[in-house]
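Heads up, the thing below is written out as structure tokens.
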Amino acid sequence: MKQFHRLSSLAIAAFVAGACADTPTTPTDDASLTSAPDFAKVSVSDEAGLQAALAEASGSSHIRKVELDGDVALTAPLTYDSDLPLFIDGNGNTITGPNLAPGSDKGIPSGADALVLLGGGNVHLEDLTIRGARGNGVFMDVGSEARGMVRVSFDGVTLADNGLSGFWME
């Protein structure tokens with residue numbers, strides 16, 4: 001049975017990690033997620049370019065926006081590991097896979113998620129389809145050290161035909 005989920009509201013999920021804290025670990029201003037006029041953006045159209053852009057953004061406070069210029073087929077999960085905010089604008093494109101062969105419990109191997117978000121940074125995904133991952137379409141682990149509020153927002157995002165969940169947060 002195929003699963004199809006359309007996530008259309010700007011703020012679909014918010015998560016409070018750990019005990020309440022006086023200050024969040026990342027900016028909670030929604031504008032930091034949906035606009036980045038003072039920050040650089042990078043445009044990519046393939047898996048290597050997308051992973052390189054995510055790696056650069058995770059270590060750089062000036063790159064906050066990644067735009068897709070075409071569909072991207074994955075052979076391995078994309079990883080973003082940072083507490084800095086990230087905005088991915090799909091421009092109507094699709095990220096597909098990775099569709100890895102079974103190799104662990106329940107036939108879902110580790111590393112079969114399409115987009116892996118680590119570190120607890122705010123994330124906004126827009127105008128993007130993520131489908132065909134053997135695991136989760138988007139997996140987010142805020143970590144046990146995170147405090148405060150982490151914002152995750154989807155606008156015009158479709159998560160479909162993924163093996164486990166469209167979006168999973170721990």
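Within segment 117-168, which strands (runs of 3 or more DSSP E) (wholly inside it) include 2 or more residues that are over 22 Å from residue 91 (Cβ atoms)?
Qualifying strands (runs of 3 or more DSSP E): 138-141, 148-160.
When you go through (1) at pLDDT below 95; (2) open to solvent by less than 10 Å² (accessible area, probe 1.4 Å); (3) not small (Gly, Ala, Ser) one by one for residue 149, which number turns out not to apply?
Every condition holds for residue 149 apart from (2).
Here's a check for you: in segment 87-122, which residue that is modelled with pLDDT of 90 or more and surrounded by fewer than 16 Cβ atoms within 10 Å (Cβ to Cβ) is farthest from residue 53 (Cα to Cα)? Write out each step before concluding.
Let us first name the residues in segment 87-122 that are modelled with pLDDT of 90 or more, namely 87-96, 113-118, 122.
Then drop every residue that is not surrounded by fewer than 16 Cβ atoms within 10 Å (Cβ to Cβ), which leaves 91-92.
Values: 91: 16, 92: 18 Å.
Per the criteria, the residue is 92.
Would you mention how many residues in segment 29-55 are in a helix (DSSP H, G or I) and modelled with pLDDT under 90?
From segment 29-55, those in a helix (DSSP H, G or I) are 31-34, 47-55; that's our starting set.
Now narrow it down to the ones that are modelled with pLDDT under 90: 31-34.
Within segment 29-55, residues that are in a helix (DSSP H, G or I) and modelled with pLDDT under 90 number 4.
Within segment 72-102, how many residues turn out to be assigned to a loop (DSSP other than H, G, I, E, B) and either farther than 14 Å from residue 133 by Cβ or among the aromatic types (Phe, Trp, Tyr) (or both)? Write out each step before concluding.
Restricting attention to segment 72-102, the residues satisfying the condition of being assigned to a loop (DSSP other than H, G, I, E, B) are 74-77, 82-85, 97-102.
Keeping just the survivors that are either farther than 14 Å from residue 133 by Cβ or among the aromatic types (Phe, Trp, Tyr) (or both) gives 82-85.
Number of matching residues: 4.
The values are calculated or read from the model by the stated rules, or taken from the named source; none is laboratory data. Predicted model only: the values in this text are computed from it and were never measured. Quick reminder, even Gly has a Cβ in these numbers, built from the backbone with ideal geometry, and neighbours come from all protein chains shown. Please note that ligands, DNA and RNA were not included when accessible areas were found on the heavy atoms of the full protein model with its side chains. Shrake-Rupley method; radii C 1.70, N 1.55, O 1.52, S 1.80 Å.
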